[in-house]
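A.B. asks: This structure is in structure tokens; I'll ask about it shortly.
Nothing in this text is a laboratory measurement; each read-out follows from the coordinates by a stated rule. No experiment lies behind these values; they were computed from the predicted model shown. All Cβ positions, even for glycine, are placed from backbone atoms using ideal geometry, and neighbour counts span all protein chains on display.
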Amino acid sequence: MQKFHVKKGDAVTVITGVHKGKDATVAAILRDKQRVVLSGISIGKMKTLRRSTKNPKGGLVERSVSTHVSNVKKKEVAKNA
């Protein structure tokens, strides 16, 4: 199993890509794909759903998309001296 520099719940800053400079928290880690799911900022419209009782109109669904683990940096926590 591979070890990453961030864990679930850590506060991170995005260092490259479309969301560069934005702060987020790690919602999940996808170890097999070396990716992290960030809460709040990485939302994309994913796929079309057919009509159901849960989603009567069908259509596109918004989901959190993943970012490669190398594109995020753990935020420094200020220590009280």
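A.B. asks: Around HIS5, what is the net charge, scoring Lys/Arg as +1 and Asp/Glu as -1 over all other residues with Cβ under 10 Å from its Cβ?
C.D. replies: Computed value for this residue: +3.
A.B. asks: Right, something else. Using packing as a proxy for protection, rank 65-75, 13-23, 48-58 so that the peptide with the highest average count of other Cβ atoms within 10 Å comes first.
C.D. replies: 65-75, 13-23, 48-58
A.B. asks: For Cα extents along the principal axes in Å, pick the label among (i) 46, 43, 14; (ii) 52, 35, 19; (iii) 56, 29, 23 that corresponds to the value derived from the coordinates.
C.D. replies: (iii)
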